[in-house]
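The values are calculated or read from the model by the stated rules, or taken from the named source; none is laboratory data. Keep in mind that this is a model prediction, so the values were computed, not measured. For neighbour counting, all protein chains shown are included, and Cβ atoms are generated from backbone atoms with ideal geometry for every residue, glycine included. We work out accessible area using only protein heavy atoms, side chains counted, and drop any ligands, DNA or RNA first. Shrake-Rupley method; radii C 1.70, N 1.55, O 1.52, S 1.80 Å.
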Amino acid sequence: MLSRTADSLFWLGRYTERAGNVARGLTVAARMAGLTHRDEEWRSLLVATGADEGYFAKHDEATREAVLHHLILDPDNSSGLLPSIEAARRNARQVRAALTVDMWEAINDTWNEARRIAPDALTVDGLAPFLDWVKARSLLFYGAASDTMLRDEAWRFTHMGTMLERGDNTARLLDVRHTMLAKQPEAEGSAVDYMQWQAVLRSVSAQRAYQWLYHTRLQPNLVAELLILRPELPRSMIACYRRVDQTLDALANAAGGRRGECHRLAGELHAKLKFGRIETIMDGGLHEFLTECIDRNVALGECIASFYLTH
Amino acid sequence: MPMEPFALPKAFDEMHGKDGLRACFAGVARWLDGTGHEALGLKRREAELLFRRIGITFAVYGEGGDPERLIPFDLIPRILGQGEWQRLARGLEQRVRALNLFLKDVYGKRDIIRAGKIPVSLILGNATYRPIMEGFTPPRGVYTHIAGIDVVRTAPDEFFVLEDNCRTPSGVSYMLENREAMMRLFPELFAMHRVAPVGHYPEELLETLKSVAPERCQGTPRVVLLTPGAYNSAYYEHCFLADEMGVEAVEGADLFVRDDIVYMRTTNGPQRVDVIYRRIDDEYLDPEAFLPDSMLGVAGLMRAYRAGNVALANAPGAGIADDKAIYPYVPDMVRFYLSEEPLLANVPTYLCERDADRAYVLEHMHELVVKLTHGSGGYGMLVGPHSTRQEREDFAARIRAKPSEYIAQPTLALSTVPTLVEAGIAPRHVDLRPFVLTGKEVRIVPGGLTRVALRDGSLVVNSSQGGGTKDTWVLEDDGPTGTGQPQSPSQSQSQSSGFQSQSQSQRQGS
């Protein structure tokens, strides 16, 4: 496959996932801000989506209106919701022949509709329906890809992009709330803490999953364990990096065993999560652990690019 | 259905002929008689939907409006009998052989110049002449691997070559898609006729390209199609042909040259490329050799080419053979290189830079077509009989100012084929672009692209000027089977199954 084609598929996967993740983050932040009446929620979301630097270059304070505008509409924020959808569609158009009709329609319709309705998201009543819609569209795209694509190279690059983006997102979501999660398990959390833990779960659609697995009230170390180490949860870091590792392996095997630094890095990151224990991670510092994972994710993305996409 | 009175009684109509219905059109005439205007209208809308969904569009820039337009497709096929096609095909093959020998000669020994057949100034002073091609012969001595020869007709046995296209002729995807559409819309017509298939064109093209791989290429040559990208007007065709051939459609940035070898950047690392079917103009191919600021090409490509490490189809510099100033000399080329009489005639052409020709042209502008010597696409031309006095005066002034930029030809009474129009069915002028492939041997898929001037009386068929297309049928015999009677079941069954397998094999490549 042409590197240019693989590159477009990889970023198509990343940007569609990113749009969905921004919508998830915004949903939770809006809910939390409503419950706690703290603008701190908006600041946290800016940090989680890596948009804080760009935002504070333009604004002094993190207010609802300005943050919503920045994360949804602002064309200068390349990680924003609408710019992500636009970038996904641009990449899809480059490789239309490599996509299935269902995938193309999912992304093309999303793009057409999003441009039309995104401004409504800034109204009080418009935000929640818009974010639900974006989340549904990103699930639709993912479903179209996994239900209709041949399991060949094109699928692997799209899927790898999705998984790398998703794993990174989960790590960042946890990291912005790491102080609330670093409390002792036996300590009773305040009402605000409790809501924070709930918010983390909610943002990866895992409230029910927590109850099914642990059958107990929310405890910060268990929330962290679920999102970092439990392979049963599809949006946990281990689940995502396992898929990245497996997908890179499949790519290498299909190419006569050709491997590079990206394969080693992915294996290492996967192993770190596979053999990790939550107590050890908490003792060593959750923030330090997550920061390291986020840095490694960046390095992994760069190595995949130089090995497969932009050599 | 009502027929409009023929607008140009002089023109030869390919269905009705001079002495009544011609045999090859008998089946279609019966079908039209039995089909109402409404039914045809429905089919026309169905065809349009089909084309929109597949996304066969042609980009027209600089006129405002939707830049991605459908080329109007006419439902009534243009039909050639086997005998007349054979005569035409022999003429095409002869002409393209001569054009290739001419190219080899002008970039090599220049016998034809020394023999005094063509003035040296016409060649060396020509903007399409590429000195970089001197002293180097591409594999098998082929320069124009894919040639589109535009042919017009004035009588049952009178075909003229209007122009040769030796660089990067386009339109073949319409030939293929028109046939696909017709087979879906009118299976009963195909059951009634033995139509020579065209669906194997991509295979023939791939074989042709593989056969001109550099001699030192080991194993199966890797072929790619080089496109300028999504903003090119023929991008759809580039992707379509690459898909059908099962090769990559690459852009300049996907290729690089190292040690005079061309590689393609893939997820498996650099892969060597042996043959490039390029749909980029000469000037943009290689910034080292041609326009230095070209973003579309590949730096070092010409070095790799001259080192014999990659083949380019068509060869750079092939444009010297289809230049309108060279065109009048093609019949002489046939005589000079092949020692044969040309089977296909040229349209008489006046070169305005010759004093006698210019004087004639200025006297007779009202009956001539005046064209730019280096123009294409039907832009910047004057159709004398349809022009106003003011337009003729403007052109006369331009010819006097820059005579070498203009040629003129008599307006031919181009043949017509019945065409679906608002009011019913009416004759419209057509031309034909058959595609001639040259590699180890010459291959011509029967037929070509028929373009039709949809406006009443118009002689301009270019898609950029409101022309449409028709499916072109070459019959395996000289007329349809059956004589108006219902066919015996066994006969129609065996024929329709034949077409089924044909359409299946066409889809295999996609």
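Taking all protein chains in place and a 1.4 Å probe, what share, in percent, of the accessible surface of the stretch A:151-311 do carbon and sulfur account for?
Details: 3520 of 6850 Å².
Accessible surface attributable to carbon and sulfur in the stretch A:151-311 totals 51 percent.
The Cα atoms of the protein assembly as shown cover 104, 63, 60 Å along the three principal axes, with the biggest extent listed first.
Electrostatic tally near residue A:114: other residues with Cβ closer than 12 Å to its Cβ, Lys and Arg +1, Asp and Glu -1, net 0.
Take the alpha carbon gyration tensor of the stretch A:1-149, find the square roots of its eigenvalues, order them as a ≥ b ≥ c, and report rounded if a/c is under 1.5; if not, report prolate when a/b exceeds b/c, else oblate. Please list the in-between numbers first.
Working: a/c = 2.39, a/b = 1.82, b/c = 1.31.
Note, shape of the stretch A:1-149 comes out prolate.
The mean count of C-beta atoms from other chains within 10 Å of the C-beta of residues in B:263-273, rounded to a whole number, is 5.
Using the Kirkwood radius over Cα pairs, work out the Stokes-Einstein diffusion coefficient for the stretch A:151-311 at 20 °C and 1.002 mPa s, in µm²/s as a whole number. Rounded, D is 131 µm²/s.
Let me know the shape class of chain A, please: from the alpha-carbon gyration tensor, a ≥ b ≥ c as square roots of the eigenvalues, rounded when a/c is under 1.5, otherwise prolate if a/b is greater than b/c, or oblate. Here chain A falls in the oblate category.
Tally Lys and Arg at +1 and Asp and Glu at -1 over the other residues with C-beta under 13 Å from the C-beta of residue B:479: what net charge comes out? Write out the running numbers ahead of the final one.
On the way: positive: B:22, B:30, B:194; negative: B:84, B:476, B:477, B:478.
Here the charged neighbours net out to -1.
Per residue of peptide A:4-12, the mean number of Cβ atoms on other chains within 10 Å of the residue Cβ is 2. Cα-Cα over 32 Å: which of B:117/B:210; B:109/B:440; B:18/B:104; B:117/B:440? Flagged as over cut-off: B:117/B:210; B:18/B:104. Short-range pairs are left out: with C-alpha atoms under 8 Å and at least six residues apart, the relative contact order of chain B is 25 percent. Solvent-accessible area per residue in the stretch A:1-139 equals 43 Å², computed with a 1.4 angstrom probe and all protein chains kept. So what's the net charge close to residue A:301: Lys and Arg +1, Asp and Glu -1, counting the other residues with Cβ under 10 Å from its Cβ? Result for the local shell: -1.
First measure r as the distance between the Cβ atoms of residue B:220 and residue A:93, then evaluate 1/(1 + (r/R0)^6) with R0 = 22 Å and state the FRET efficiency to the nearest 0.05. Before the final figure, lay out the partial values.
Values: r = 32 Å, r/R0 = 1.45.
Computed FRET efficiency for residue B:220 and residue A:93 comes out at 0.10.
Of interest is the spacing of the C-alpha centroids, which for the stretch A:191-225 and the stretch A:122-146 amounts to 23 Å. Extending 7 Å from Cα along the Cβ direction at residue B:90 and again at residue B:354 yields two label points whose distance is 2.9 nm. Each of residue B:366 and residue B:23 was given a label point 7 Å from its Cα along the Cα-to-Cβ line. The distance between the two points is 4.4 nm. Can you grab the distance from the C-alpha centre of the stretch A:241-304 to the C-alpha centre of the stretch B:284-299, Å, no decimals? Cα centroid to Cα centroid, the span is 41 Å. Note on A:252-264: average number of Cβ atoms from other chains within 10 Å of each residue's Cβ is 1.
Suppose a student asked you for the relative contact order of chain A, using Cα pairs under 8 Å spaced at least 6 residues apart; what percent would you report?
Working: 393 pairs, mean separation 69.4, N = 311.
In percent, rounded to a whole number, it is 22.
Where a ≥ b ≥ c are the square roots of the eigenvalues of the C-alpha gyration tensor, would you call chain B rounded, which needs a/c under 1.5, or, failing that, prolate if a/b is larger than b/c, or oblate? Note, shape of chain B comes out oblate.
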